[in-house]
Each structure stands twice: as structure tokens, then as C-alpha cells.
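Structure first, then comments.
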Amino acid sequence: MSKLFSPFDLRGLRLRNRIVMAPMTRSRVPGTVPDGRTATYYAQRAGAGLIVSEGAQVSEQARGYLFTPGLHSRAQVEGWKAVTSAVHGQGGAIFAQLWHVGRVAHCSVQPGDRAPVAPVAKRAEGVQVFGYREDGTPGQMPASRPRALAAGELPRITADFAAAARNAIEAGFDGVEIHGANGYLFEQFINGGLNTRDDAYGGSSVANRLRFVLETYEAGAAAIGPARTGIRLSPFNRVFDMPAFEGEADTWLALARELAARGPAYVHLSNRAAILAEPAAGEGFLRSLRGAYAGPLVLAGGYTRDSAAADLGSGLADLVAFGRPFIANPDLVERLRQGWPLAEPDRRSFYGGNAAGYIDYPAYDEAAEPA
Ligand SMILES: Cc1cc2nc3c(=O)[nH]c(=O)nc-3n(C[C@H](O)[C@H](O)[C@H](O)COP(=O)(O)O)c2cc1C
């Protein structure tokens, strides 16, 4: 039988299969507090060995989208409790993704309409984000020009992540995933093309560019334990105006070695397909990363049943994450197990809206299929 369906011991947490539901923002949380629909959505998908929740902002400043949940207020913790107990009630496991968008935001979603924050005051060019138009209606608009964070502000953000990690455990999550991927705040610091700061948190020194994410990882791990603290990264990511930079592979391998020394729950790479397509990276890079970091590795990005089984079989990954397939196939694990066809998700309902395209995708009905 394919390794996909074999259990996995995630540092003491037993996962019933190797299939992870990748974190996906769905922008359907009114007022930043998860509600009954959120609980239904995740409970429908609890067949995954592990669910990673949609990104949850760790503070108001951390927010870049409309209708995304937080994990920094009492009401949000209470809202998440119904989600985690619904998932656990189905025998599933769930981590919370902790998020700070950095410069990928419009000032209309920031407290006091202030500029979003980043390592340097450089706008994400050509990047559209959600915000409020002047007439107060929501819409897409260019990301605002950020202001550069002072070094003295970084401990506050690190503390926000630690507090959100504690909140996550109180809300019943099995652990947290620090969002260090996809062009958001931590990747903005890691990227040597963007982060040209001249202090201890940037510039040509790899150690300086890794300092913020590692300090934050350590604070989260100190709050709830490294075995409950995972991290998501996206080496060679170009989304959200992230430039290529010198020594890119070495930067990520250095980070992998630093993380290995801290014993995280897992390292999760969000963009496997892009890494494989990148001439400077490819499978050789993934193998080197595997050498630098021997702990649990989750890969995501463009997986099919066959490619997932192949990467688990070859030992390239310990766990494989599926994103878009989970949107339209709440019973994805069972469909993969049985070889049933997969439904295609409707992109128009990825973000925002109501129950349609969210909790109304049916499980596969064999009897309803033509013979
Ligand atoms: C609607 C949507 C929302 C997403 N939101 C997040 C998110 O909140 N955090 C994150 O790390 N990745 C997010 N992603 C990326 C996915 O986790 C995943 O890495 C990506 O979709 C590639 O996997 P796939 O090819 O299986 O979909 C999102 C993707 C989609 C399609």
C-alpha cells in the first residue's frame, strides 16, 4: 500500500496518514473571529493526517487581507475552540498558521490607516492586495508603500508570535506553524535582494537576515515547545515581488541547519513545484536541504496522488501537503485511497463570499456516478 496512507509520528503526535491539508486563506471569517462555518469547513476536511489552518494574524498590524481570522484576542481564541474540537471530534489533528504579512498589505486594513511595515521602505511592485476603497467598499488595490521597521520594534512582533502560539494551544490546536513563506514578513527579511538594512537584521550577512525569523521561532518554541512549533518556508519564491539574490541556496540551507539545531515539529516548504522548476534549485536543492535538516519535512505545491506517493517513497518528504485539491474535495484522503476522481475547485470562490464554494462541496458519492 502507498506510504500516503501510513501513520506518522510527528514528534509524539500520531497522524493517521501522511496527507496534510495545506494552509489556505478563504477570507470568510466575519470580524476576524472564526464561526460555525469555519468549524464545519475544517471538520469536513479532518480526514487529513494534519490540517494546517489558514493564516491567522498575530496582531492587527500583521493583517493584510479582509475577513481573515486572528489569534490575538479572547474572542478569536473562543471562536477557534469550536474549530479544533470539531476537527478532533473527527479524529483529526490541526496546527494554526501564524501570520504577519509585512508589506503585502494596503493601509486601509492597518490600524489607523497607517502604512504596513517591512524590513525596508520598498513597495511590493505589481502586487494587488485586498483593502477598502475610499467609499468603504472592499476591493483589490496595489500594496501600499511600507515603512521600515526600527530594530527596536522587532521584539514586539516576536512577542506577538509567542503570545499567539500560547493562544493557539489554549484554543485547542495541536501546534503552530510560523508562516515564513510566500513573500510575507519573514521572507522579506530573509531575502538578500530586498533586505538591504545596515543593522543586525539585514544586509549581506546571512546570519543577520536569518536573525528575525530565528528569534521568533525560538520565542514560539519557548512558549509551547519546539515539538509543537513548525515553520513554513518558500525557497526561491518570486511571488509578491521577491527578487532572486546572490547566495540564495546557501541562505536557505543555512536556515535549514539552524532550524535542525532547534528540533522543530516540522519544516514545510510551500512551493515544491517552483523549486523543481528553478534551474538554480531543483531536486538537488531539496536533497541538500534534506541533508542539512533531518527532521520531519513537509512538501507542498502541485501534488497529485502519484507524485505524492513518489516523494514519500523516495524519502524526499515525510509528509505531503495538498492545497487546492482540498477545497473541492473535502474527502480528499478517501478519494486518493480509492482512486476516485477529483472535483475541480472554482477559483472565483477561493476568497470571500458565503457557504458556496466553501462548505457545499460534496463528498464523493460512488452510487451517483455512471457505471
Ligand atoms: C485559496 C488559497 C489560499 C492560500 N492561503 C495560504 C495561506 O494562508 N498560507 C500559506 O502559507 N499558503 C497559502 N496558500 C498556498 C497553499 O498552502 C499551497 O502551498 C499552494 O496552493 C500549492 O499547493 P497546491 O498546488 O496543492 O494547491 C493558499 C493557496 C490557495 C489556493
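Out of all the residues in the stretch 291-298, is one or more within 13 Å of the ligand (Cβ to nearest atom) and either part of a helix (DSSP H, G or I) or farther than 23 Å from residue 183 by Cβ (or both)?
No, that holds for no residue.
Just to verify a result, which residue in the stretch 306-329, among those that are out of contact with any strand residue (DSSP E or B) (no Cβ under 8 Å at 6 or more places or on another chain) and hydrophobic (A, V, I, L, M, F, W, C), is nearest to the ligand (Cβ to nearest atom)?
Here the residue is 327.
I'd like the full set of residues that are more than 14 Å from the ligand (Cβ to nearest atom), more than 19 Å from residue 47 (Cβ to Cβ) and in contact with a helix residue (DSSP H, G or I) (Cβ under 7 Å, 6 or more places away or on another chain), limited to the stretch 83-115.
Those that are more than 14 Å from the ligand (Cβ to nearest atom), more than 19 Å from residue 47 (Cβ to Cβ) and in contact with a helix residue (DSSP H, G or I) (Cβ under 7 Å, 6 or more places away or on another chain): 103, 107, 113, 114, 115.
Which numbered condition trips up residue 30, out of (1) within 12 Å of the ligand (Cβ to nearest atom); (2) surrounded by fewer than 18 Cβ atoms within 10 Å (Cβ to Cβ)?
That leaves (1) as the condition not met.
Check off (1) within 11 Å of the ligand (Cβ to nearest atom); (2) surrounded by fewer than 18 Cβ atoms within 10 Å (Cβ to Cβ); (3) closer than 17 Å to residue 50 by Cβ for residue 352 and give me the number that stays unchecked.
All conditions pass for residue 352, except number (3).
Among the listed residues 68, 38, which satisfies the condition of being at pLDDT 95 or above and in a loop (DSSP other than H, G, I, E, B)?
None of the others qualify; the one that does is 68.
Which condition number does residue 341 fail, the rest of (1) part of a loop (DSSP other than H, G, I, E, B); (2) without any contact (Cβ under 8 Å) to a residue 40 or more places away in the chain; (3) surrounded by 12 or more Cβ atoms within 10 Å (Cβ to Cβ); (4) not small (Gly, Ala, Ser) being met?
Single failed check for residue 341: (3).
With (1) within 16 Å of the ligand (Cβ to nearest atom); (2) crowded, with 20+ Cβ neighbours inside 10 Å as the list, and residue 255 as the residue in question, which single condition is left unmet?
The single condition residue 255 does not satisfy is (1).
The values are calculated or read from the model by the stated rules, or taken from the named source; none is laboratory data. On a predicted model such as this, the values are computed, not experimentally measured, just so you know. We place every Cβ from the backbone using ideal geometry, glycine too, and count neighbours over all the protein chains shown.
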